[in-house]
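Visitor: Sharing a structure here in structure tokens format.
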Amino acid sequence: MSAPSFEKPATAAAPVLEVEDLRVDLRTPRGTAHVVNGLSYTVGPGETVAVVGESGSGKSVSVLALLGLLPARTATVTGRALLQGEDLLTMAPERLRQVRGPGAGMVFQDPMTSLNPVLTVGRQLTEGLRAHGPVSKAAARARAVELLGEVGLPDPGRAVGRYPHELSGGMRQRVVIAMALANSPALLIADEATTALDVTVQAQILDLVERLQSEHGTGVIWITHDLGVVAGIADRVLVMYGGRCVEDGTVDDVLERPVHPYTRGLLGALPDLAADPDEDLATIAGTPPAPTDLPAGCVFWPRCPVRGDARCETEQPPLAVVGRGGAGLPHRAATWCAEREAS
Ligand SMILES: Nc1ncnc2c1ncn2[C@@H]1O[C@H](COP(=O)(O)OP(=O)(O)OP(=O)(O)O)[C@@H](O)[C@H]1O
Ligand code: SF4
Ligand SMILES: [Mg+2]
């Protein structure tokens with residue numbers, strides 16, 4: 001195994017986001033939880049990077065850390081996260097507030113975390129629009145109605161006057177998506193954003209995001225458990241386990257030629273692991289490690305059905321290039337068994 005861990009993809013345009021060696025520790029009553037452990041990736045303009053992995057693998061925490069949304073009292077975040085060249089991790093809070101919106105929009109699974117219950121959705125949308133540029137009240141309101149229509153809200157002209165509690169969960173989620181898209185952000189982070197929506201609305205939202213990407217070059221991080229969505233929208237896939245990236249590469253490399261036993265288990269491609277026939281991630285026997293008690297060697301070792309290398313139990317395999325996908329993008333995996341396969 002040879003190549004360096006932090007090799008950059010061979011894209012010509014400067015990345016929208018460059019994350020390097022991101023680490024997040026959270027202080028808990030059970031000790032320090034090592035939730036994100038050296039994550040490095042890039043998102044290019046117009047590119048969609050899907051982040052997959054079982055519950056608890058650190059997907060949400062890794063993106064919350066980027067936008068300074070973890071509790072400062074208990075979270076320690078290190079590394080670099082350059083959004084269009086500016087480091088989000090060392091940015092002053094005031095600057096970070098300015099950057100959220102036109103710089104980076106985020107959609108969470110639970111819409112109520114992003115909505116103010118005492119303001120109408122129209123007011124929240126227009127405030128977001130006017131906070132980042134000189135827009136008249138009337139123009140902002142017209143744009144708010146337009147955005148609500150674009151995310152598929154029925155009767156958007158009336159919906160702008162409604163409070164969040166007057167809308168269904170699915171409608172609230174669409175409002176949050178409209179808010180995130182309102183300022184055509186350079187980076188959109190969607191954390192299980194469409195999971196609760198029905199498939200027709202989901203398809204509508206995915207189309208809208210694609211349009212935003214082609215019109216504005218928005219880079220997208222899409223966190224999901226739904227492999228159908230991954231196959232449909234992702235350019236690249238990053239597989240997380242135990243707070244680490246265990247495999248990443250082009251969507252074809254990762255979904256069609258997975259190398260890491262964990263990825264192969266998720267995809268139901270490893271016969272020793274239980275495969276789920278539907279499109280969701282397959283179930284792998286055993287449970288992920290507690291972030292307060294990570295294994296000394298390969299983070300997947302306790303559950304790995306093909307462990308065999310003497311180093312598996314004691315040494316963390318580095319993320320190394322195992323092949324090249326389209327446009328020369330590296331396909332990387334962190335497993336000693338890839339080395340055995342490659343040799
Ligand atoms: N505020 C917190 N304090 C302590 N531990 C936390 C906190 N938030 C998350 N964790 C722990 O960090 C780990 C990663 O959580 P995270 O929410 O990032 O997982 P996830 O990959 O997004 O999972 P899911 O697919 O269920 O959304 C989990 O073990 C979780 O219990
Ligand atoms: S390094 Fe060893 S334990 Fe880890 S995934 Fe590869 S074979 Fe399994
Ligand atoms: Mg999550």
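Bear in mind that the values in this text are calculations on the coordinates, not laboratory data. Nothing here was measured: the structure is a model prediction, and the numbers come from that model. Methodologically, a virtual Cβ is constructed for each residue, glycine included, from the backbone with ideal geometry; neighbour enumeration extends over all protein chains shown.
Visitor: Across every pair of different alpha-carbon atoms, what Kirkwood hydrodynamic radius in Å does the chain reach? Mind showing how you got there, number by number?
Guide: Values: mean 1/r = 0.0479 Å⁻¹.
Roughly 20.9 Å, rounded to one decimal.
Visitor: Multiplying the sequence separation of residue 80 and residue 119 by 0.36 nm and subtracting their Cα-Cα distance, what value in nm do you get?
Guide: Values: separation 39, 0.36 × 39 = 14.04 nm, distance 3.56 nm.
Result for the pair: 10.5 nm of gain on full extension.
Visitor: Of the DSSP beta bridges with both residues in the chain, give the percent that are antiparallel, rounding to the nearest 5.
Guide: Values: 33 of 51 bridges.
Restricted to the chain, the bridges split so that about 65 percent are antiparallel.
Visitor: Continuing with the same structure: How high is the relative contact order of the chain, in percent, with contacts defined as C-alpha pairs under 8 Å that are six or more residues apart? Walk me through the intermediate numbers first.
Guide: Working: 699 pairs, mean separation 73.0, N = 343.
Once divided by the residue count of the chain, the mean separation gives 21 percent.
Visitor: Among 226-234, 258-266, how do they line up from the highest to the lowest mean number of other beta-carbon atoms within 10 Å? Write out the running numbers ahead of the final one.
Guide: Numbers: 226-234: 18.7, 258-266: 26.0.
Answer by packing, highest mean first, reads 258-266, 226-234.
Visitor: Which angle from 0 to 90°, rounded to the nearest 10, does the C-alpha axis of helix 169-181 make with the longest principal axis of the chain?
Guide: 90 degrees
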